[in-house]
There are 2 protein chains.
Amino acid sequence: MSSPSRSLIHYGYASTSDMTWSRSEKAVARQAFDAALKRELHQLMQEAKEISGQINQPSDLWDLQEYLTQRRKEIDRKYDYRYSHLTQVFGRLLHETRVSEDELRGFSEDKLKTIRSFAKFLAEDAA
Amino acid sequence: MSSPSRSLIHYGYASTSDMTWSRSEKAVARQAFDAALKRELHQLMQEAKEISGQINQPSDLWDLQEYLTQRRKEIDRKYDYRYSHLTQVFGRLLHETRVSEDELRGFSEDKLKTIRSFAKFLAEDAA
């Protein structure tokens, strides 16, 4: 996969680190971020229970161990609450339908535009 | 924990790498080794199911992930089927009651002595 940041800059989007976050935007961000993380973790908890229930041989056990290790790394990387990274974080969560546009209501138009652009970029990159 | 090999040599036991394994001893070793590994893996499969069933919050999920990762490393290290390592391997399995003396019947007396000595050493080391 190509590097998203470099490609977006190439396509003419401003660096997200230039953005400032108002107090109310920070509150919206925190709530949407926490809700998405909570949903993803609860989904993974259910998955782990289902996968464990189907363990029949030792290789299934190591498949579960590898899956949980890989998901943990992925979740740690994805949920990066630094303001300089938040538009990309929400762009990814929007792309993965882990947050809705409704939950991002209260963000400035330029932030929403950047978030939507990144979600669109990821959709095209995955196609 | 101190290094078992160094301490055993210090106590006057010969290096286990000097031992040769007859064809029939190899057959006994392979069977006892495989049986112990199978039992340990089946026990871990049951444990994983039980732990997963009790997952109630995200930290439980990561506890399971860490537990499986740690157990996998431990099992990989423990079940080392090199003839130069086998008396220590069986000494540990005997100490952990994962093999019985009955399963080792067919080994030469010097091997059994070394295996029992190592099991005893581990018991004393753990005390």
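No lab work stands behind these numbers, since they all come straight from the coordinates. A quick note: this is a predicted structure, and the numbers were derived from the prediction, not measured. No Cβ is skipped: glycine too gets one built from the backbone with ideal geometry, and neighbour counts run over all protein chains shown.
At most 13 other Cβ atoms within 10 Å and a DSSP loop assignment: could you name the trypsin sites (Lys or Arg not before Pro) in the range B:42-127 that fit?
Those that pass, being in a loop and sparsely packed, are B:ARG82.
Classify chain A from the C-alpha gyration tensor, please: rounded if a/c falls under 1.5, else prolate or oblate depending on whether a/b exceeds b/c.
It comes out prolate by the Cα gyration axes.
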Legend entry - Degrees between helix A:86-95 axis and first principal axis of chain A (Cα, 0 to 90, nearest 10): 60
Inset, instruction - Please turn the phi angles of the range B:24-40 into ³J(HN,Hα) values with the Karplus equation 6.51 cos²θ - 1.76 cosθ + 1.60 (θ = phi - 60°), one per residue in order, whole Hz, x for glycine and proline. - result: 6, 5, 4, 5, 4, 4, 4, 5, 5, 4, 4, 5, 5, 4, 4, 5, 5
Legend entry - Alpha-carbon radius of gyration plus Dmax, which is the widest Cα pair, for the protein assembly as shown in Å: 27.4, 82
Inset, instruction - Look at the axis of the rotation that sends chain B onto chain A, then give the chain B residue with the nearest Cβ and the distance in whole Å. - result: B:SER52, 2
Inset, instruction - Show which aspartates and glutamates lie in cross-link reach of A:LYS111 when reach means a straight Cα distance below 15 angstrom and same-chain residues fewer than eight apart are skipped. - result: A:ASP18, A:GLU25, A:GLU101, A:ASP102, A:GLU103
Inset, instruction - Place the label 7 angstrom along Cα→C-beta at B:TYR67 and in each other copy, then list the distances from the first to the rest in nm, shortest first. - result: 1.7
Legend entry - Percent of C-alpha pairs per 10 Å bin, the range A:56-127, short to long: 18, 39, 23, 14, 5, 0
Legend entry - Approximate shape of the range A:22-83 as ellipsoid semi-axes (Cα gyration tensor, √5λ), whole Å, largest first: 33, 12, 4
Inset, instruction - Ignore the peptide's own chain and count Cβ atoms of other chains within 10 Å of each Cβ in A:36-46; give me the average, rounded. - result: 2
Inset, instruction - May I ask which of B:LYS38/B:LYS78; B:LYS26/B:LYS120; B:LYS26/B:LYS73; A:LYS49/B:LYS38 have a Cα-Cα span longer than 21 Å here? - result: B:LYS26/B:LYS120; B:LYS26/B:LYS73; A:LYS49/B:LYS38
